[in-house]
Amino acid sequence: MSGPSTYVPKSAIGRWFESRLPVMGLMHSSFVSFPVPRNLNYMWTFGAILSFMLIAQIITGVVLAMHYIPSATEAFTSINDNIMRDVNYGWLIRYMHTNGASLFFLACYFHMLRGLYYGSYKAPRELLWIIGVVIYLLMVGTAFLGYVLPWGSMSFAGATVITSLVTAIPVVGVPIAHWLWGGFAIGGPTLTRFFSLHYLLPFVIAAMVGLHVWAVHVTGQNNPDGVEVQNAERDTVPFTPYATIKDLFAVAVWFILYAWLIFFIPNYLLDADNYNIANPLVTPAHVVPEWYLLPFYAILRAIPNKLMGVIALLASIVVLAFIPWLDRNPVKSAKYRPAYRLFFWVFVAICIGLGWIGSQEPNDTMSLVARILTAGYFGFFLVIMPVLSFTEKTKPVPVSIADAVLAKKPAAAA
Amino acid sequence: MIRFKTKALASAALAFAFAGGVALAQETAEQPKPPRETWSFGGMTGGFDKAQLQRGFQVYKEVCSSCHPMTIPFRTLSQPGGPEFTEDQVKALAASYQVTSPEPNEKGEIFKRPGTPADNFPRPDGYPNDQAAAATFGKAPPDMNLLAKARKYERGFPWFVFDALPGLQYQEMGADYIHAILNGYTHPDDLQWNLYYPGHKIAMPQPISDGAVEYKDGTPKTLDNYSKDIAAFLSWVAEPNLNERRRMGLGVMIFMFVLAGLLYFTKKRVWEKAH
Amino acid sequence: MAAATTIEAPNRRDFLFLATGAVGAVGVAALAWPFIDQMNPDASTLALSSIEVDIGAIPVGQIVTVKWRGGPVFVRHRTAKEIEEAQNVQLSELRDPQTDAQRVQKPEWLIVSGICTHLGCVPIGHEGKYEGWFCPCHGSMYDTSGRIRQGPAPLNLAVPEYKFLSDTKVKIG
């Protein structure tokens, strides 16, 4: 769909440059003339919002690294005394970075649920989806590494809990943990390597995002009706100005939410315990990860066996990579799949329920609910999806995108 | 069929969650939540009250500072948005403390000298480090430089949702906690029993009571006033840029609503002929 | 494309588009400022931008080097001979003509920056032909008033802003 560029620069210098390095043509075909299904709704603006968040995180992160000192004795004070009190606008940039991580995940979850609802993982977009799962894994890794850097007591507890997951591996688990830590417990060497990797991974994410965008420009975007573009003239509009302005508006609205967090409730999503400096001899009374990892934390705790818990945790993310083959129903959009739609919302409720349980102190009741919800989480992918592939009675799908748009607005002339 | 099963599952999950919530509520019945006070720095446009911070500093200096370190530089006491002491007052205050010079003198000795506004508040006399303090008190009194941000309490569902919403937002939990702790010594025969401290057994015996600090501005010398003033002061110590942040935030919000509005109409204009 | 052909290209002078673009540009510029300003000296550095030096203990003839704004400042308690030498130089002999009186507040105290005006090395006191300072990097020589007399340096050693708070106390900066 995004074939060879037909872009011809207007100026002679432009043509000289373009014949040697067709960057402008690439940009033009990717972000100007790229055909966008005309029936996209606002759920399709999260790609732009995520790009914006990634850039925001990288810029604020690079700036914070100018003032942050990755050492066990100075990390905490370099953030809480130097950056938050003395550096010009340091408080602003730091709050942008910590709250930005949360909003990055929030946008990512909208983006993923959008894909799940409208069947964006189905052929021909399987690879696009899998790259997305890889990006999500990298985001989780980056967020975890970054959370350790302030060297607060929750940083320390989080690092201990998560790196200790490898000790579930028989025989080599403990040596691997020592290798990760650079010692016999989390300490200074762990912090410096985590800092190094936390600086590295965002650029790996950016590269993967490049592949992700490339892949979407090869297959074209999915759309709320889940029918492929047949006639570019009837079914699509050019990316610029249509998608550009819509994305900019969505980013501006998102920025209002971002500004609300930064300026008015900057510590709402942060753990108060992380304003206490890390103490290897004391673990905080109530160890919880940040909100965006709570469902996975609940799955980890739901399984009473250490090794099985770790496997369940990993499986809960890895299973996402397999859904293009778990859901074989040829109809993409949940708009035309009433049963799938119902289970989709149940799945969303399960994720929220798991998140809430992840934030609570474990007790018998909680563990039981956690196990039921964990079963529901996996059941959605491993049972509901395959079963509905063949048994669901779907509604008639419109013939083309243009038909779908016209059906919605009968009075408007295309 | 499928629909029925889903509903049953959902209601079962809900019932479990509810039962869990009730169980949790019963467990915590003996552990009351700190009462929510009204703070000048709450809300969307609130800011610190200079006079209150000055009184709070007096409480810190005369009471808390004998055990609790507070690692902030003297100079911040004169910066805008804080207690705003004059620079001369801060200089005199700093000079009244003996601080350890970060660099040795020409003979290579570590020495003490009168403080300057650029120095941090020194640790309390006699407790050069947390270990020494812990040896005396059983538990090191925490540094007060971030205390108001490092203390929170569980609000529970649904309150934690409301706490994030514009107009209802709640970021003063630390201040309420500190205020509650200072007012929580309700067993006269056990000075280390605190109503609001998790588990009630607190290492700090009641540190302050009515009349302990002589206020110069006529504010009544009550425990309630002391604890409010110190809580406000410590909130400022933990978040010295709050006033600037709020002011800037209001500007950013107004600007973003204007920009988003303009973008919305531009978007409508661009799209009006596409449908 | 049908959509594209039936729609007129948006008029660039359209007020709405202009206003949106302008407001957006203002926003980006305002957002850029914190990211630029964060590299400026921070509050802790600014707090040390002036220092107070106790000069009561510096014997006549001695130079004491103090650290001010990250670099050396020489405080020289000059001897009568050094003062006389500094005052008796003809301005025509100087590369960067300045009288000694322009460079000191009290004749016995010379306070100058310890940064050679050539390429930033720290000169050595009581050395060189003029017994002021000698820069080991490229051989610049300064006299007892810190003025450049020989070598590649173009200017005299800079005099920082300072004030005598008392007979024994100077505030630099």
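The values are calculated or read from the model by the stated rules, or taken from the named source; none is laboratory data. Treat the numbers as computed from the prediction; the structure is a model and nothing was measured. For neighbour counting, all protein chains shown are included, and Cβ atoms are generated from backbone atoms with ideal geometry for every residue, glycine included. When the accessible area is computed, the model is the full protein with side chains, heavy atoms only, and any ligands, DNA or RNA have been set aside. Shrake-Rupley method; radii C 1.70, N 1.55, O 1.52, S 1.80 Å.
Between B:Lys61 and B:Lys33, what length in nm is gained on full extension when 0.36 nm per residue of separation is reduced by their alpha carbon distance?
On the way: separation 28, 0.36 × 28 = 10.08 nm, distance 2.83 nm.
Gain in length upon complete extension: 7.3 nm.
On a 0 to 90 degree scale, rounded to 10, what angle separates helix B:242-271 from the longest Cα axis of chain B?
The helix B:242-271 is inclined about 20 degrees to chain B.
Residues of C:35-42, mean number of Cβ from any other protein chain within 10 Å of their own Cβ, rounded to a whole number? Let's see the in-between values first.
Working: counts 8, 3, 5, 12, 5, 3, 3, 8.
Mean number of neighbouring Cβ atoms from other chains: 6.
So which residues in the range B:163-183 end up with at least 50 square angstrom less accessible surface once the other protein chains are there, compared with the chain by itself, probe 1.4 angstrom?
B:Ala164, B:Gln171
Identify which of B:Phe111, B:Phe74, B:Phe41 has the largest mean-square fluctuation in a Gaussian network model of chain B, with springs joining Cα atoms closer than 10 Å.
In this elastic network of chain B, the residue with the biggest mean-square fluctuation among B:Phe111, B:Phe74, B:Phe41 is B:Phe111.
Given C-alpha coordinates of the range A:137-185, what is the ratio Rg to Rh with the Kirkwood estimate of Rh? It would help to have the intermediate numbers written out before the result.
Numbers: Rg = 11.2 Å, Rh = 11.3 Å.
My calculation puts Rg/Rh at 0.99.
Need one number: buried accessible surface between chains A and B, 1.4 Å probe, both sides summed, DNA, RNA and ligands left out, in Å² to 100.
On the way: alone 20800 and 17530 Å², together 33300 Å².
Chain pair A/B: roughly 5000 Å² of buried accessible area.
Between Rg and the Kirkwood Rh of the range A:271-339, both from Cα atoms, what is the Rg to Rh ratio? Show your work: numbers first, answer last.
Values: Rg = 18.5 Å, Rh = 15.6 Å.
Reported Rg/Rh (Cα atoms, Kirkwood Rh): 1.19.
Using protein heavy atoms only (no ligands, DNA or RNA), what is the total accessible area buried between C and B, 1.4 Å probe, nearest 100 Å²? List each step's numbers first, then the result.
On the way: alone 10820 and 17530 Å², together 27040 Å².
Interface area, both chains combined: 1300 Å², rounded to the nearest 100.
Over chain B, one equal point on each Cα, no solvent: what is log10 I(q)/I(0) by the Debye formula at q = 0.08, 0.11, 0.15 Å⁻¹?
Result of the Debye calculation: -0.49, -0.80, -1.20.
Rounded to whole Å, give me the distance from the Cα center of the range C:43-76 to that of the range A:382-406.
Result: 80 Å between the Cα centres.
Could you tell me what % of all Cα pairs in the protein assembly as shown have separations over 48 Å? Write down the numbers at each step before the final one.
Values: 141316 of 371091 pairs.
Considering the protein assembly as shown, 38 percent of its Cα-Cα pairs are separated by more than 48 Å.
With r as the distance between the Cβ atoms of A:Phe390 and B:Arg247 and R0 = 45 Å, compute the FRET efficiency 1/(1 + (r/R0)^6) and round to 0.05.
0.15
Once you put a point 7 Å from the Cα of A:Ala168 and another 7 Å from the Cα of A:Leu257, both along the Cβ direction, what distance in nm separates them?
Result: 3.1 nm between the two label points.
For the protein assembly as shown, what is the accessible area per residue in Å² when the probe is 1.4 Å?
Working: 41410 Å² over 862 residues.
Using a 1.4 Å probe on heavy atoms only, each residue of the protein assembly as shown averages 48 Å².
Which part of the range A:13-28 falls in the paramagnetic zone of C:Phe35, meaning amide N under 16 Å from the point 7 Å along Cα-to-beta-carbon?
none
Have a look at B:Ile110, A:Leu326, B:Pro158 and report the one farthest towards the positive end of the charge dipole of the protein assembly as shown, computed about the Cα centre with Cβ charges (Lys/Arg +1, Asp/Glu -1).
Going by the charge dipole, the pick is A:Leu326.
Using a 1.4 Å probe on the protein chains only, how many percent of the accessible area of the protein assembly as shown belongs to carbon and sulfur?
Values: 27120 of 41410 Å².
The C+S portion of the solvent-accessible surface of the protein assembly as shown is 65 percent.
Note down the net charge around A:Val237, summing +1 for each Lys or Arg and -1 for each Asp or Glu among other residues with Cβ under 12 Å from its Cβ.
Summing Lys and Arg as +1 and Asp and Glu as -1 gives +2.
In terms of the Cα gyration tensor, with a ≥ b ≥ c the square roots of its eigenvalues, is chain A rounded because a/c is under 1.5, prolate because a/b exceeds b/c, or oblate?
On the way: a/c = 2.08, a/b = 1.34, b/c = 1.56.
Because a/c hits 1.5 or more and a/b fails to exceed b/c, chain A counts as oblate.
Can you tell me what percent of all Cα-Cα pairs in the range A:196-327 are more than 20 Å apart?
Numbers: 6392 of 8646 pairs.
In whole percent, the long-distance tail amounts to 74.
From the Cα gyration tensor of the range A:222-287, with a ≥ b ≥ c the square roots of its eigenvalues, which class applies: rounded if a/c is under 1.5, or else prolate if a/b is larger than b/c, or else oblate? Display every interim value, and only then the final one.
Working: a/c = 5.50, a/b = 2.68, b/c = 2.05.
Prolate, since a/c reaches 1.5 and a/b exceeds b/c.
What span do the alpha-carbon atoms of the range B:130-212 cover on each of the three principal axes, reported in whole Å from largest to smallest?
Rounded to whole Å, the extents work out to 45, 30, 27 Å.
Could you give the nm distance between label points at C:Asp96 and B:Trp271, where each point is 7 Å from its Cα heading toward the beta carbon?
The answer from the label model is 6.6 nm.
Give me P(r) over chain C, computed from all C-alpha to C-alpha distances, binned every 10 Å, as integer percentages.
9, 28, 22, 10, 8, 7, 7, 5, 3, 0
When Lys and Arg each count +1 and Asp and Glu each count -1, what net charge do the other residues less than 13 Å away from A:Leu320, Cβ to Cβ, add up to?
Numbers: positive: none; negative: A:Glu126, A:Asp327.
Charge balance in the 13 Å sphere: -2.
Taking every pair of distinct Cα atoms and averaging 1/r, then inverting, what Kirkwood hydrodynamic radius in Å comes out for the range A:173-270?
Working: mean 1/r = 0.0538 Å⁻¹.
Hydrodynamic radius (Kirkwood, Cα pairs) of the range A:173-270 is 18.6 Å.
For every helix of n ≥ 4 consecutive DSSP H residues, a contribution of -39,500 (n - 2.57) applies; sum these over chain A, divide by its total residues, and give [θ] at 222 nm rounded to the nearest 500 deg cm²/dmol. Show your work: numbers first, answer last.
On the way: 17 runs with 244 residues, N = 414.
That calculation yields -19000 deg cm²/dmol at 222 nm.
Can you give me the span-like helices of chain A, meaning DSSP H runs with 24 Å or more of Cα extent along the axis and Kyte-Doolittle mean at or above -0.5?
Numbers: long enough: A:46-65 (27 Å, 2.25); A:90-117 (40 Å, 0.55); A:126-148 (34 Å, 2.04); A:188-219 (47 Å, 1.16); A:244-263 (27 Å, 1.79); A:338-359 (32 Å, 1.49).
Sorted by number, the helices that extend far enough and score high enough are A:46-65, A:90-117, A:126-148, A:188-219, A:244-263, A:338-359.
Tell me the total accessible area that C and A bury against each other, 1.4 angstrom probe, in square angstrom rounded to 100. List each step's numbers first, then the result.
Values: alone 10820 and 20800 Å², together 30070 Å².
The contact between A and C buries close to 1600 Å².
Would you give the gap between the C-alpha center of the range B:95-143 and the C-alpha center of the range B:186-222, rounded to a whole Å?
So the separation of the two Cα centres works out to 27 Å.
Based on the inverse mean of 1/r over its pairs of different Cα atoms, what is the Kirkwood hydrodynamic radius of the range A:42-289, in Å?
19.9
Alpha carbon centre of the range A:201-238 versus the range B:234-250: separation in Å?
Answer, in whole Å: 43.
Mind jotting down the three principal axis lengths of the range C:13-93 based on Cα atoms? Whole angstrom, largest first.
79, 37, 14
Put +1 on the Cβ of each Lys and Arg and -1 on the Cβ of each Asp and Glu in the protein assembly as shown; which of A:Trp291, A:Pro70, A:Cys108 then has its Cα farthest toward the positive end of the dipole?
Of the listed residues, the answer is A:Cys108.
Counting Lys and Arg as +1 and Asp and Glu as -1, each charge on the Cβ, what is the dipole of the range A:289-340 about the Cα centre in debye, to the nearest 20? Could you put the intermediate results ahead of the total?
Values: 6 positive and 2 negative charges, 42 e Å.
Taking the Cα centre of the range A:289-340 as origin, the dipole is about 200 debye.
Please report, in debye to the nearest 20, how large the charge dipole of the protein assembly as shown is about its Cα centre when each Lys and Arg carries +1 at its beta carbon and each Asp and Glu carries -1 there. Walk me through the intermediate numbers first.
On the way: 70 positive and 65 negative charges, 687 e Å.
With only Lys, Arg, Asp and Glu charged at Cβ, the dipole is about 3300 debye.
Give the whole-number value, in cubic angstrom per residue, of the convex hull volume spanned by the C-alpha atoms of the range A:105-187.
Working: hull volume 10.2 nm³, N = 83.
Measuring per residue, one finds 123 Å³ for the Cα hull of the range A:105-187.
Give the calculated FRET efficiency between C:Leu119 and C:Arg69 to the nearest 0.05, with a Förster radius of 22 Å applied to their Cβ-Cβ distance.
FRET efficiency, C:Leu119 to C:Arg69: 0.75.
With springs connecting C-alpha atoms under 10 Å apart, model chain A as a Gaussian network and identify which of A:Ile59, A:Ile162, A:Ile13 has the largest mean-square fluctuation.
The residue with the greatest mean-square fluctuation here is A:Ile13.
Comparing the chain by itself with all protein chains present, which residues of the range B:31-64 are at least 10 Å² less accessible (probe 1.4 Å)?
Those are B:Met44, which lose 10 Å² or more relative to the chain on its own.
What does the charge add up to near A:Ser367, with Lys and Arg as +1, Asp and Glu as -1, over the other residues with Cβ less than 12 Å from its Cβ?
Working: positive: A:Arg301, A:Arg371; negative: A:Glu361, A:Asp364.
Every neighbour counted, the sum reads 0.
Work out the FRET efficiency for C:Asp14 and A:Glu361 from their Cβ-Cβ distance, taking R0 = 56 Å, and round it to the nearest 0.05. Could you put the intermediate results ahead of the total?
On the way: r = 58 Å, r/R0 = 1.04.
Efficiency for this residue pair is about 0.45.
To the nearest whole number, what is the average tally of beta carbon atoms from other chains within 10 Å of the beta carbons of peptide B:246-256? Don't skip to the answer; put the middle values down first.
Details: counts 2, 1, 7, 7, 3, 3, 11, 5, 0, 7, 10.
If you average over the peptide's residues, the count of other-chain Cβ atoms is 5.
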